[in-house]
Amino acid sequence: MTVKSSLLEMLEKNKGEVLSGESIAGELGCTRAAVWKAVKALREEGYHIEAGPNKGYMLAKDTNRLSQEAIRLFLDDPEVRIDIYDELESTNQTAKKEAMIGEARHGAFVIARSQTAGRGRRGREFYSPADAGLYMSVILKPQGTIHDSLLITTAAAVAVYRAVEQICGIQLDIKWVNDLFYNGKKVCGILTEAVTDFESGNIEFVVVGMGLNIYLEPKMLPESLKDVAGALYQSREDAEKTDRNRLAAMIVNELRKETEDLKLSPDYVEHNMIPGHQVTITDGTSSRKAFALEICSDGRLKVREENGHETILSFGEVSVSV
């Protein structure tokens, strides 16, 4: 680790506490000049580090910048690879490249502070402005076949649900198959992309992309999203109190737990907003009405069509009829 990374790890572990330059230098085995140089570099990156004569250095408690060092403090497996970028086209795209060339093992993940070409299902754009949300993709290498990929998506929805409830105290609604809603608006989208062995159908690796809106400036939203997209918080002040590093780590921890044994979580069923409602099913260019009956054990959705026949859906866009 560099002096800068080691210093940031120390400051994150002792956030809100003053550490003397002498003690930091002794712990890191470097000069106080090297400590000062590292502090200066971290400040330039946006970290709020306070200092004063004979006081030492302190990372302000309200510092909320995403960093590998801070995330590792909360991970069940702190040795996994973490890549954080200021901007990417797509975290899924970058994670897939890493997985394909064998650079990342199970549980590694990519985070971007903003995305220029974030994607949702069916190639839709996912609006990802700088520091407004948590945009991340996790690489998984689970045991299973392509038929299990739907359960990986449901596991991701449960992971986000639990992490948001634990860290933010907010209960979301899960919408089959891959969205989470709050106060009637979409706050999180999930995109699961699997690479499989063509002959056996076994999964080689899966990239699970999650875009969670923490705070969005309403006036900045594209016109097409103003009635659709929402966020966890209505004010920037409340959003800034959320520990994004801990939230990111909790999502990864929960996702890895949920995918150890691929089966449908009771939480996915209990907190799903679709069963028991009249819905509109869109598949390609056609749409139809149906009544959503239940989530099946394999993650598919059972509906009663208008002609009375029951159908089980593996995919398709479903919206609750108002």
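Computed from the coordinates by the stated procedures, all read-outs in this text should not be read as laboratory data. Please read these numbers as outputs of a predicted model, since none were measured by experiment. Here the Cβ positions follow ideal geometry from the backbone for every residue, glycine too, while neighbour counts run over all protein chains shown.
Taking 0.36 nm per residue of separation and subtracting the Cα-Cα distance, full extension of the segment from Ser224 to Glu79 would add 48.1 nm.
Largest first and in whole Å, the equivalent-ellipsoid semi-axes of the chain read 40, 22, 16, each the square root of five times a Cα gyration tensor eigenvalue.
Can you give the log10 of the normalised intensity I(q)/I(0) at q = 0.21, 0.22, 0.25 Å⁻¹, computed with Debye over equal Cα scatterers of the range 242-322? Debye output, listed in q order: -0.95, -0.99, -1.14. For the range 226-240, the Karplus equation 6.51 cos²θ - 1.76 cosθ + 1.60, evaluated at θ = phi - 60°, returns couplings of 4, 9, 10, 7, x, 8, 5, 10, 9, 10, 4, 4, 5, 5, 5 Hz by residue, with Gly and Pro reported as x.
Applying the criteria of a DSSP loop state and at most 16 other Cβ atoms within 10 Å to the trypsin sites (Lys or Arg not before Pro) of the range 13-83 yields Lys15, Lys55, Lys61, Arg81. Dividing the helix sum by the residues of the chain, where each DSSP H run of 4 or more adds -39500 (n - 2.57), gives a mean residue ellipticity at 222 nm of -8500 deg cm²/dmol.
Using 0.36 nm per residue and subtracting the Cα-Cα separation, the extra length available between Ala51 and Glu103 on full extension is 14.8 nm. A Förster radius of 41 Å, combined with the Cβ-Cβ distance separating Thr145 from Lys15, puts the computed FRET efficiency at roughly 0.40. Using a cut-off of 18 Å between Cα atoms, the listed pairs Lys97/Lys186; Lys175/Lys302; Lys15/Lys241; Lys37/Lys241 include Lys97/Lys186; Lys37/Lys241 as exceeding that distance. Judged by the mean number of other Cβ atoms found within 10 Å, the most tightly packed of the peptides 126-135, 207-216 leads the ranking 207-216, 126-135.
Sites listed here are GluC sites (Glu not before Pro) in the range 144-202 whose DSSP assignment is loop and whose Cβ has at most 14 other Cβ atoms within 10 Å: Glu199. Computed over the chain, relative contact order equals 14 percent, with contacts defined as Cα pairs under 8 Å that lie 6+ residues apart. Building the convex hull from the alpha-carbon atoms of the range 200-291 and averaging its projection over directions returns 10.1 nm². Using just the C-alpha positions of the range 177-248 as equal point scatterers, what log10 of I(q)/I(0) does the Debye formula give at each q in 0.16 1/Å? Reported log10 I(q)/I(0), two decimals: -0.69. A crude spin-label estimate for the pair Glu22 and Ile312, with each label 7 Å from Cα along the Cβ direction, gives 7.1 nm. Distance distribution note for the range 269-315: the fraction of Cα pairs above 16 angstrom is 33%. Rounded to the nearest 20 debye, the dipole magnitude of the chain is 580 debye, with +1 charges on Lys and Arg beta carbons, -1 on Asp and Glu beta carbons, and the Cα centre as origin.
All alpha carbon pair distances within the range 75-192 were sorted into 10 Å bins beginning at 0; the resulting P(r) in whole percents reads 12, 41, 40, 6, 0. Restricting the range 1-63 to GluC sites (Glu not before Pro) that sit in a DSSP loop and have at most 14 other Cβ atoms within 10 Å of their own Cβ leaves Glu17, Glu45. For Val195 and Arg304, the difference between the fully extended length at 0.36 nm per residue and the C-alpha to C-alpha distance is 36.0 nm.
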